[in-house]
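The values are calculated or read from the model by the stated rules, or taken from the named source; none is laboratory data. Note that this is a predicted model, so its numbers are computed, not measured. Every residue, glycine as well, gets a Cβ built from its backbone with ideal geometry; the counts of neighbours run over all protein chains shown. The area values use the complete protein model at the heavy-atom level, side chains included, leaving out ligands, DNA and RNA. Shrake-Rupley method; radii C 1.70, N 1.55, O 1.52, S 1.80 Å.
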Amino acid sequence: MFRSVIPRNTAALLILAASMASVHADQRGATLAVVMTNDPQANQIEVYDTRTQALLQTLSTQGKGGVGGNARGVKQLNGELVAVVNYGSNSVALFKRHGDRLGFDRIVTTTSAPVSIDFGNDHMYVAGSTTIDSFELHHDNVVWRDGSAALELVGGATPPVGSTAQVGVLDKQSLLVTLKTDPLPGTVDIVALRNGAVTGAVPDAVSAPAGTLTPFGFSVYPDGTALITLAHSNQNGLFRDGAFMAVAAAGQSAPCWTTRVGKYVFTVNAASKTISRLIGTGSNVFVDTPVAAQIPGGGPTDIDADKGVLGVIDHGAGQSHLSLLTYNAFGELALSGAAINLGVPNANGVAILAPSDRDDD
């Protein structure tokens with residue numbers, strides 16, 4: 001009798017443990033996709049469950065949209081904080097995550113019309129049409145603006161409205177801001193930081209390489225190198241130590257926006273409506289796969305990825321769509337369901353939010 005009780009108890013404990021693990025996994029929440037409608041009069045965000053593709057929320061950003069030709073108009077931090085540009089209102093809307101919902105937090109004002117956002121060094125950075133601002137963060141809370149600087153082109157001119165493309169943290173001492181100025185090659189501004197804040201010093205303006213056009217989207221590696229698209233000459237560049245170290249043909253038309261997943265950088269090619277998979281080293285950039293996936297719908301306008309989910313926004317012919325894909329450890333992409341019609345004509349900006357209490361891979 002005693003021997004028969006032990007296996008039954010053991011089996012019961014195993015079943016209970018498995019049940020508790022399942023409940024815990026369910027409580028970790030959904031991976032969300034947040035997109036910006038970009039309405040020039042009443043900007044909003046739409047929040048989707050990436051597994052079911054259900055629309056969970058539509059929330060006002062309490063400002064005006066209207067941004068174009070940019071990357072990272074929507075940016076998330078740690079799965080908890082979402083920042084969204086209100087281009088027409090000189091402000092950034094901030095949202096906090098509560099379970100599988102977002103709640104409006106606050107508005108912060110910027111020194112020029114905001115275009116692109118990044119987080120790092122306990123700061124939020126906002127590149128505008130003519131300036132770059134830094135905002136101090138305390139425990140994922142944006143508290144105040146603690147620095148600003150004017151952007152400039154090679155030669156010292158003020159960037160024309162519409163030329164700012166993206167901001168990104170390079171390291172603890174500097175940011176990069178890409179500025180597109182066809183038919184001139186374009187500029188990469190290196191913005192100095194002190195204790196995470198923009199110092200106000202004039203940026204170091206670096207020209208795109210001769211024979212190239214339009215430094216646009218980029219992703220930064222932990223070693224301080226950046227893979228930067230050269231959109232209008234169908235090339236990609238490797239930027240390091242304040243200079244372009246290499247340029248390579250993209251093999252696709254109009255590589256624009258990027259997102260990095262480990263060693264891989266995915267670029268969205270606007271004219272080809274494809275995603276390429278690239279690898280950057282300290283000295284070179286390689287096209288690993290020219291067409292890692294096709295994008296259904298119109299011309300893509302932004303891309304983001306986190307924890308196995310990649311999202312792409314496109315628009316054309318009066319419609320905007322969100323395409324969701326999965327990726328594995330080898331950077332292989334697969335479409336996940338049909339493209340979602342967003343119900344607006346000019347959506348721009350996407351951020352993927354994995355559950356904030358997840359374990360790291």
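Residues considered: Thr52, Thr10. Of these, the only one that is surrounded by fewer than 13 Cβ atoms within 10 Å (Cβ to Cβ), at pLDDT 95 or above and of a type in the set (Ser, Thr, Tyr) is Thr52. Against the test of being closer than 18 Å to Gly65 by Cβ, touching a Leu at 6+ places or on another chain (Cβ under 9 Å) and part of a strand (DSSP E or B), the options Val82, Val177, Val92 yield a single qualifying residue, Val82.
One line per residue, one yes/no per condition, for (1) at pLDDT below 95; (2) acidic (Asp, Glu); (3) out of contact with any Lys or Arg (no Cβ under 7 Å at 6 or more places or on another chain):
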| site | (1), (2), (3) |
| --- | --- |
| Ser253 | no, no, yes |
| Thr258 | no, no, yes |
| Leu278 | no, no, yes |
| Asp288 | no, yes, no |
| Val291 | no, no, yes |
| Asp306 | no, yes, yes |
| Val309 | no, no, yes |
| Leu322 | no, no, yes |
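Taking the range 148-162 as the range and being under 29 Å from Asp122 (Cβ atoms) and assigned to a loop (DSSP other than H, G, I, E, B) as the test, the residues that pass are Leu151, Glu152, Pro159.
Give the residue that is most open to solvent (accessible area, probe 1.4 Å), with candidates limited to residues of the range 232-243 that are farther than 19 Å from Arg72 by Cβ and in contact (Cβ under 8 Å) with a residue 40 or more places away in the chain. Ranking the candidates gives His232 first.
Within the option set Thr214, Thr187, being within 24 Å of Arg277 (Cα to Cα) and surrounded by 19 or more Cβ atoms within 10 Å (Cβ to Cβ) holds for one residue only, Thr214.
Taking Cys256 and the conditions (1) over 27 Å from Pro159 (Cα atoms); (2) in contact with a Gly (Cβ under 6 Å, 6 or more places away or on another chain), which numbered condition does it fall short on, given that it satisfies the others? Failed condition: (1). Being open to solvent by 40 Å² or more (accessible area, probe 1.4 Å), in a strand (DSSP E or B) and β-branched (Val, Ile, Thr): is that true of Ile132 here? No; evaluated as a whole, the condition is false for this residue.
Considering the range 248-263, the residues that are under 22 Å from Val167 (Cβ atoms) and in a strand (DSSP E or B) include one that is most open to solvent (accessible area, probe 1.4 Å), namely Arg260. Residues that are open to solvent by 10 Å² or more (accessible area, probe 1.4 Å), in contact (Cβ under 8 Å) with a residue 12 or more places away in the chain and closer than 27 Å to Gly65 by Cβ number at least 2 in the following strands (runs of 3 or more DSSP E) confined to the range 264-361: 299-306, 309-316, 319-327.
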